[in-house]
């Protein structure tokens with residue numbers, strides 16, 4: 001049913017879509033690093049990451065990229081709500 005107290009849904013913009021793509025890249029980096037750390041080399045690619053240090057860098061870097069992109073997506077959604085007169089969550 002229609003609820004007049006519910007804030008409008010956020011609109012998908014090019015900025016949100018771009019940050020979502022960056023978030024997916026971060027997930028892939030995280031997955032590559034964690035797969036190497038848990039199962040050893042050669043799970044997805046034969047020679048990447050080739051060392052444990054590379055796997056740790058991928059894991060930490062992927063997590064950082066995911067957090068950054070997620071924060072940017074939330075920022076864009078909050079800007080949309082502020083522009084419509086609704087208070088941010």
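Please find, among 7, 49, the residue that is in contact with a helix residue (DSSP H, G or I) (Cβ under 7 Å, 6 or more places away or on another chain), under 20 Å from residue 77 (Cβ atoms) and modelled with pLDDT under 95.
Residue meeting the stated conditions: 7.
Does region 39-55 hold any residues that are surrounded by 15 or more Cβ atoms within 10 Å (Cβ to Cβ) and not in a loop (DSSP other than H, G, I, E, B), and which are they?
Residues satisfying the conditions are 54, 55.
If you check 43, 57, 73, which single one turns out to be modelled with pLDDT of 95 or more and more than 30 Å from residue 12 (Cα to Cα)?
On the way: 43 fails: modelled with pLDDT of 95 or more; 73 fails: more than 30 Å from residue 12 (Cα to Cα).
Of 43, 57, 73, the one residue that is modelled with pLDDT of 95 or more and more than 30 Å from residue 12 (Cα to Cα) is 57.
Quick one: is residue 67 touching a helix residue (DSSP H, G or I) at 6+ places or on another chain (Cβ under 7 Å) and in a helix (DSSP H, G or I)?
no
Suppose we filter 15, 21 for residues that are out of contact with any helix residue (DSSP H, G or I) (no Cβ under 7 Å at 6 or more places or on another chain) and part of a helix (DSSP H, G or I); which single one remains? It would help to see each step written out before you state the result.
Values: 15 fails: out of contact with any helix residue (DSSP H, G or I) (no Cβ under 7 Å at 6 or more places or on another chain).
Of 15, 21, the one residue that is out of contact with any helix residue (DSSP H, G or I) (no Cβ under 7 Å at 6 or more places or on another chain) and part of a helix (DSSP H, G or I) is 21.
Name the residue, out of 21, 63, 15, that is loosely packed, with under 14 Cβ neighbours inside 10 Å, in contact (Cβ under 8 Å) with a residue 12 or more places away in the chain and within 19 Å of the chain's Cα centre (by Cα).
So the residue among 21, 63, 15 that is loosely packed, with under 14 Cβ neighbours inside 10 Å, in contact (Cβ under 8 Å) with a residue 12 or more places away in the chain and within 19 Å of the chain's Cα centre (by Cα) is 15.
Can you run down the residue pairs with Cβ atoms below 8 Å, 6 or more apart or on separate chains, where the first is in region 77-88 and surrounded by fewer than 15 Cβ atoms within 10 Å (Cβ to Cβ) and the partner is at pLDDT 55 or above and in a helix (DSSP H, G or I)?
87/81; 88/78; 88/81; 88/82
The values are calculated or read from the model by the stated rules, or taken from the named source; none is laboratory data. The model shown is predicted, which means the values in this text are computed figures rather than measured ones. Ideal geometry is used to build each Cβ from the backbone, glycine not excepted, and the neighbour counts take in all protein chains shown.
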